[in-house]
Amino acid sequence: MEYYLGIDLGGTNIKAGVVDDAFHIIGRAKAKTGIPRPAEEVMDAMAECAKAAAADAGVPWEKIRRIGIGVPGTANEETGVVEYANNLLFENVPMRAYLQKKLNKEIDITNDANAAALGEVLAGAAKGASNAVAVTLGTGVGGGIVIDGKLFTGFHYGGAELGHMGIVLGGRKCTCGRRGCLEAYASATGLIRSTKEAMDAAPDSLMWELAAENGGNVSGRTAFLAADRGDTAAQSVVNAYIEQLGYGLASIINILAPEILVIGGGVSNEGENLLRPLVECVRPQLYIRTPEKQTRIVLATLGNDAGLIGAAFLNRAR
């Protein structure tokens, strides 16, 4: 049995997992990222988390073959430098060099959405696919592309930013600076914005009651829950969300024609209430009309483990 270690670096938490060669996570550890603080302190915490995961797995450190890291930003896979990660306040951080010296292991590094996509291809909803796309619907919209079993990261490792594909000319301002990005509409943040706008226009909507039950907070679930109980304003929010997301996914499929497109992230927890109408929305928009040749659209199955598994086996996707 061989053992690998994946680290998922987030703006709030650092997670580490020891993964065996059958893609099972056999040991875990977690720590607070603690932003804002110096990058060196964050990387020290990552090293401690990695050692703690190995201890939890009962695997001697010398038996860990390799370490992979998924980071929420632009990571140069050749140099191992995190060139920019706005949520971490990182700019040109030599992460691989620092941690290789500290941990005495070979280290691979990539964007966290790439790691999650690879995890789903290796052990999740896209297992066995040579060509797959993963779209993560969270605070933002992340994307990962696997072509012929290898991660596609584009020129200087800045590719696969699927959330920043334009879907509305002159539309909402996105955090990237553009207007009308898929992320501005299809992320949980975008869905919450649409929900709040609909609530303001419909003071009698059930969404107000559901938000009050949640301490006054509107979440990505508010519109879906209210729509499920027959609220027309909420159903309009859900319908618009499906149309906007579906428009973007259809374009991705028409460009890349993957075998499978995996949808993950918090919004995907709506399950069939999201997937069923989304597939119905996307199908008529596809250039390839032969049913057996069309991309399958499925929900992710690994949850937060996808990034750990994918990161651990990054070397296999190069």
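The values are calculated or read from the model by the stated rules, or taken from the named source; none is laboratory data. Small disclaimer: the values here were computed from a predicted structure and weren't measured. Quick reminder, even Gly has a Cβ in these numbers, built from the backbone with ideal geometry, and neighbours come from all protein chains shown. Protein only, heavy atoms only, side chains kept; ligands, DNA and RNA dropped before computing areas. Shrake-Rupley method; radii C 1.70, N 1.55, O 1.52, S 1.80 Å.
Okay, here's what the table says:
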quantity	calculated
Percent antiparallel among DSSP beta bridges (both partners in the chain, rounded to 5)	60
Point-to-point label distance, Glu40-Asn86, nm (Cα→Cβ direction, 7 Å offset)	2.8
Fraction of beta bridges assigned by DSSP in region 1-158 that are antiparallel (%, nearest 5)	75
Karplus 3J(HN,Hα) series, Hz, for region 214-229 with 6.51 cos²θ - 1.76 cosθ + 1.60 (x for Gly, Pro)	9, x, x, 8, 8, 10, x, 8, 3, 5, 5, 5, 5, 4, 5, 9
Amide H contacts of Asn13 (H built 1.01 Å from N, under 5 Å, at least 5 apart or other chain)	Thr33
Accessible area expressed per residue, the chain, with surrounding protein chains retained (probe 1.4 Å, Å²)	46
Spin-label proximity, Lys105 to region 6-33 - amide N less than 18 Å from point 7 Å beyond Cα toward beta carbon	6-10, 14-32
Theoretical gain in end-to-end length, Lys293 to Asn239 [0.36 nm per residue, Cα-Cα removed]	16.7 nm
Amide H partners (placed H, <5 Å) of Leu299, local residues excluded	Ile263
Calculated FRET value between Leu256 and Glu62, using beta carbons and R₀ = 30 Å, to 0.05	0.15
Arg37 long-range amide H proximity, modeled H, under 5 Å	none
Accessible-area composition of the chain, carbon plus sulfur, in percent [1.4 Å probe]	49
Residue list for region 258-288, given a label point 7 angstrom along the Cα-to-Cβ vector of Ile147 and an amide N cut-off under 20 Å	258-262, 287-288
Options (1) 20.5, 71; (2) 21.9, 66; (3) 20.1, 63 - which one matches Rg and Dmax of the Cα atoms in Å as calculated here	(3)
Highest average packing first - 10-17, 284-291, Cβ atoms within 10 Å	10-17, 284-291
In order through region 77-87: 3J(HN,Hα) via Karplus (6.51 cos²θ - 1.76 cosθ + 1.60), integer Hz, x for Gly, Pro	5, 7, 8, x, 9, 7, 6, 7, 9, 5, 5
Estimated FRET transfer efficiency when R0 is 51 angstrom, pair Glu48-Arg193 (beta carbons, to 0.05)	0.85
Within the chain, helix-based [θ] at 222 nm, where runs of 4 or more DSSP H residues each add -39,500 (n - 2.57), nearest 500	-11500 deg cm²/dmol
For a label point 7 Å along the Cα-to-beta-carbon line of Arg318, residues of region 50-74 with backbone N under 19 Å	64-74
Angstrom value of the Kirkwood radius, inverse mean 1/r, which spans all Cα pairs in region 207-318	15.9
Using θ = phi - 60° and Karplus 6.51 cos²θ - 1.76 cosθ + 1.60, couplings along region 154-159 (whole Hz; Gly, Pro as x)	x, 5, 6, 6, x, x
